[in-house]
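The values are calculated or read from the model by the stated rules, or taken from the named source; none is laboratory data. Since the structure is predicted, the reported quantities are computational estimates derived from the model, not experimental observations. Neighbour counts run over all protein chains shown; Cβ positions are idealised from the backbone, glycine included.
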């Protein structure tokens, strides 16, 4: 997990606060983990520039299983316990911010330092509007995609625009493009399942729902999880007769209860994690572990104690899962 050399030099040079990014392209992961929100899974590094305000920030994120690739650009949304995958990288994020009128002195220096000044100058700025798209505020995601064709967030927004126009196949194509760079993009997985249902590809939709329900919710998944879980629970076994996925096999036993004194679902989730490992799906086990932590953080302290759950215990279990999955490069991100 490394930061491109040209980018890290500028981040170290222009950081407003102490940055976990080191000049050699490595990351001080202990500092990074200590100075971020608990809900963020290991793999996020704050840039130290362009603070959003209200405690939120921009930074890098390495998708799970993609530790050997360059990171994408995200922003934290701590009020929603979410990360928004705004751009394919730092340079693309800066260009999008320039295109939408974000004004900061460090922007000009960063664009110049990354050799993007001329490209930025050729981009026509767009005005935000009250009924504009999420985060950027412009009239359509299609207007910004030429600036960053690989932005997971813009690809998903464009997919939803196509769906509203009745172009379901095109919507599905754009959704798959978003997932190509961020496989754990929960909001995109939920949309993919919906589009497959509209195309009456029911078995594929069921598989997409399974993928969503075993993926961390930090990337927009909170808004959809209950609806998707209830839909999957109602599906007949004949929908996927040869499916041995641990979640599918246990789906009808899940209560999906919330705000209760005890919840047997967590025991089933633990069984799923272990069985994913045994089946050779270590990456899915890691994703499910992160998802369990997300849900447990929504429970009361008394509930957590009844299930012997704590942040420290979660980190130990996650470290073990990551090791068993062979994702050794991700271990350092635990700090």
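Within the range 244-266, which residues are within 25 Å of the chain's Cα centre (by Cα) and over 19 Å from residue 281 (Cα atoms)? Scanning the range 244-266 gives 254, 256, 257, 258, 265, 266. Considering (1) touching a helix residue (DSSP H, G or I) at 6+ places or on another chain (Cβ under 7 Å); (2) surrounded by fewer than 20 Cβ atoms within 10 Å (Cβ to Cβ); (3) in the same structural domain as residue 10 (by TED's automatic domain parsing), the lone condition that residue 140 does not fulfil carries the number (3). For the range 37-44, the condition of being outside the structural domain of residue 328 (by TED's automatic domain parsing) and more than 15 Å from the chain's Cα centre (by Cα) holds for none of the residues.
Scanning the range 249-262 turns up no residue that is assigned to a helix (DSSP H, G or I) and under 30 Å from residue 1 (Cβ atoms).
Checked against (1) surrounded by fewer than 23 Cβ atoms within 10 Å (Cβ to Cβ); (2) over 13 Å from the mean Cα position of the chain (by Cα); (3) more than 25 Å from residue 326 (Cα to Cα), residue 90 meets all criteria but (1).
Just checking, how many residues over the range 208-231 are more than 17 Å from the chain's Cα centre (by Cα) and either surrounded by fewer than 19 Cβ atoms within 10 Å (Cβ to Cβ) or touching a residue at least 40 places away in the same chain (Cβ under 8 Å) (or both)? The number of residues fulfilling the criteria is 5.
Return yes when residue 230 is farther than 22 Å from residue 189 by Cβ and in a helix (DSSP H, G or I) and no when it is not. It is false that residue 230 is farther than 22 Å from residue 189 by Cβ and in a helix (DSSP H, G or I).
Residue count for the range 166-191 under the criterion of being over 19 Å from residue 88 (Cα atoms), touching a residue at least 12 places away in the same chain (Cβ under 8 Å) and over 15 Å from the mean Cα position of the chain (by Cα): the result is 4. Selection of the range 124-137 for residues being surrounded by 14 or more Cβ atoms within 10 Å (Cβ to Cβ), in contact with a helix residue (DSSP H, G or I) (Cβ under 9 Å, 6 or more places away or on another chain) and farther than 16 Å from residue 87 by Cα yields only 126. The numbered conditions (1) touching a strand residue (DSSP E or B) at 6+ places or on another chain (Cβ under 6 Å); (2) under 20 Å from residue 39 (Cβ atoms); (3) in a loop (DSSP other than H, G, I, E, B) are all true for residue 153 except (3).
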